[in-house]
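Values quoted throughout were computed directly from the atomic coordinates according to the rules given, and no laboratory measurement underlies them. This is a predicted model, so every value here is computed, not measured. Don't worry about glycine lacking a Cβ; one is built from the backbone with ideal geometry, like all the others, and counts go over all protein chains shown.
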Amino acid sequence: METTAMHIANGIVDGPVSAAFAVLAVAALAFCVRKARNDLDERLAPMAGLVAAFIFAVQMLNFQVLPGVSGHLLGGTLAVILVGPWVGALCVSTVLIVQCLLFADGGLTALGLNITNMALLGTAAGYLLVAGLLRILPKTASGLAATAFVASVISVVVASQGFVLEYALGGTTELSLPWVSGTMAGVHVLIGIGEGLIAATTVATVAKVRPDLVYALRRFRRPAFAKVGVNA
Amino acid sequence: MSKRLGWFLAGGLLVALLLAGVVSNFASSSPDGLDATAREGCTFNAAGEITGGTCIAQQEGEHQLGDSPLADYGIRGVGNSFLSTALAGAAGVLITFGAGAGLFWVARRRRPADDRSGTGV
């Protein structure tokens, strides 16, 4: 079997733009580490390792979306719901780094581009949507599943447009940008629906078995501003 | 770590191992959304090399680490493709869990009780 994951390969975006996004990715990840430390305790740390391992596994499962076209989960929204935005971005990054260094998936030069799209943009969009939706939807397993589905679809499309931006800035070929943007968005809506179904099933299952391990439920059970137990 | 959390983690890891080790063999091998978009406009020969046209992937280069023993989600030297994917997938899950959990554990917030031996925070 030849698995090619949805990662940018080397040479599609030129060197300077790839390098600039690598710098951006390193800076953003360093910021995430700082913020994540507030969330990471003895329970969340191993849970985050599991979320990263689970995303790695599910990223191997390409599903057909059109004749001759497949897709797989990116995982940003799933990670946000289970372990929060900062740790979640680090989980997706861990997966991308392991895939790039050990599985030759996603170019080494393109690692900053891939982290920006999937770990940063996808996770940020997922977080904003989850935070917004959980204000209106019930904090139950089914409310969480609906949240995961909607947030996943949109977050995947946002991540796909990250590629369009990078291609616009440093693409090594000259294709029409509206065409690239439209084609990427169209196919990623379908991939997002697949991702949404997987993410919804996963978070609903965890919410039923161990609701106390779901970051989004824990955090929204008490006022968001009350930093209980954290000495600043 | 509590025993209950240990069981949950073990169960979760088992599911991930089954997905990466077994279910992955039934995954679609079609190009994914990005790859399919990148290839649109070019023509390809049987070996997958570009023979003409204009597409995003035209200048695509080889992966610097393409010779890695786990490259392309297989174990180099294992002839049976089912086994090769299964082992590579399982290895990936364990490595990702180990790296992730290890780094997150190191970065975690310590409770005051944790540094009783030291000079305090």
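For n ≥ 4 DSSP H runs only, could you compute -39500 (n - 2.57) per run for chain A, divide by its residues and tell me the 222 nm figure to the nearest 500? Walk me through the numbers before you get to the answer.
Numbers: 9 runs with 157 residues, N = 232.
About -23000 deg cm²/dmol.
Ranking A:Q99, A:V153, B:A71 by how far each Cα lies toward the positive end of the dipole of the protein assembly as shown (charges on Cβ) leaves A:V153 at the top.
Counting alpha carbon pairs within less than 8 Å and at least 6 residues apart, what relative contact order, in whole percent, applies to chain B?
On the way: 79 pairs, mean separation 27.9, N = 121.
Reported relative contact order: 23 percent.
I'd like the projected area of the stretch B:16-108, averaged over all directions, using the convex hull of its alpha carbons. Report it in nm² with one decimal. Don't skip to the end; give the middle numbers.
On the way: hull surface 33.0 nm².
The directionally averaged projection comes out at 8.3 nm².
Scaling against 2.2 N^0.38 Å puts the C-alpha radius of gyration of the stretch A:92-133 at 1.32.
Scaling the Cα radius of gyration of the stretch B:1-59 by the globular reference 2.2 N^0.38 Å produces a ratio of 1.94. For the stretch A:165-183 versus the stretch A:60-75, the inter-centroid distance based on Cα atoms is 22 Å. Computed over chain B with a Gaussian network model linking Cα atoms closer than 10 Å, the most mobile of B:A91, B:A99, B:A107 is B:A107.
Using Cβ point charges alone (K and R +1, D and E -1), the dipole size of chain B about the Cα centre works out to roughly 1120 debye. Helix A:85-103 axis versus longest C-alpha principal axis of chain A: approximately 40°, rounded to the nearest ten.
Counting only alpha carbon atoms, the long axis of helix B:81-107 and the longest principal axis of chain B meet at about 40°.
In this calculation the C-beta distance from B:K3 to A:V23 is compared with R0 = 56 Å, giving a FRET efficiency of 0.80.
Averaged across B:53-60, how many Cβ atoms of other chains sit within 10 Å of each residue's Cβ atom?
Values: counts 0, 3, 2, 13, 5, 6, 9, 8.
For this peptide, the per-residue mean of nearby foreign Cβ atoms is 6.
Note: relative contact order over chain A, using C-alpha pairs below 8 Å and six or more positions apart, is 26 percent. About its Cα centre, the protein assembly as shown has a charge dipole of approximately 2340 debye under the convention of +1 per Lys or Arg Cβ and -1 per Asp or Glu Cβ, with nothing else charged. Find how many whole Å separate the alpha carbon centroid of the stretch A:86-151 from the alpha carbon centroid of the stretch B:19-49. Centre-to-centre distance over Cα atoms comes out at 22 Å. The C-alpha atoms of chain A define a longest principal axis, and helix A:44-59 lies at about 40 degrees to it.
Using only alpha-carbon positions, what ratio does the radius of gyration of the stretch A:144-186 give when scaled by 2.2 N^0.38 Å? Don't jump to the answer; show the numbers that get you there.
Values: Rg = 12.9 Å, N = 43, 2.2 N^0.38 = 9.2 Å.
That works out to 1.41 for the stretch A:144-186.
Charge dipole (Cα centre; +1 on Lys/Arg Cβ, -1 on Asp/Glu Cβ; no other charges) of the stretch A:79-232 amounts to roughly 1000 debye.
Can you compute the helix-only [θ] at 222 nm over chain B? Use -39500 (n - 2.57) per DSSP H run of at least 4 residues, normalise by all residues, nearest 500 deg cm²/dmol.
Numbers: 3 runs with 53 residues, N = 121.
Dividing the helical sum by the residues of chain B leaves -15000 deg cm²/dmol.
Quick one: pull the percentage of alpha-carbon pairs in the stretch A:1-50 with a separation above 12 Å. Everything past 12 Å amounts to 76 percent. Histogrammed with a bin width of 10 Å, the alpha carbon distances of the protein assembly as shown distribute as 6, 25, 35, 23, 9, 2, 0 percent, first bin at zero.
Which of the peptides A:162-175, A:189-202, B:49-62 is most tightly packed, and how do the rest follow, going by the mean number of other Cβ atoms within 10 Å of each residue? List each step's numbers first, then the result.
Numbers: A:162-175: 18.6, A:189-202: 22.2, B:49-62: 15.5.
In descending order of packing, they fall as A:189-202, A:162-175, B:49-62.
Note that the stretch A:74-232 carries a Kirkwood radius of 16.4 Å, evaluated over its alpha carbons pair by pair.
Peptides A:124-131, A:110-117 ordered by packing proxy, namely the average of other Cβ atoms within 10 Å per residue, highest first: A:110-117, A:124-131. A protection proxy built from the mean count of other Cβ atoms within 10 Å ranks the segments B:75-85, A:30-40, most packed first, as A:30-40, B:75-85.
The stretch A:1-137: D in µm²/s via Stokes-Einstein (Kirkwood Rh, Cα pairs, 20 °C, 1.002 mPa s)? Each step should come with its number before you reach the end.
Numbers: Rh = 15.4 Å.
Calculated translational D: 139 µm²/s.
Could you tell me the calculated FRET efficiency between A:D14 and A:W179, based on Cβ-Cβ distance and R0 = 25 angstrom, to the nearest 0.05? It comes to 0.80.
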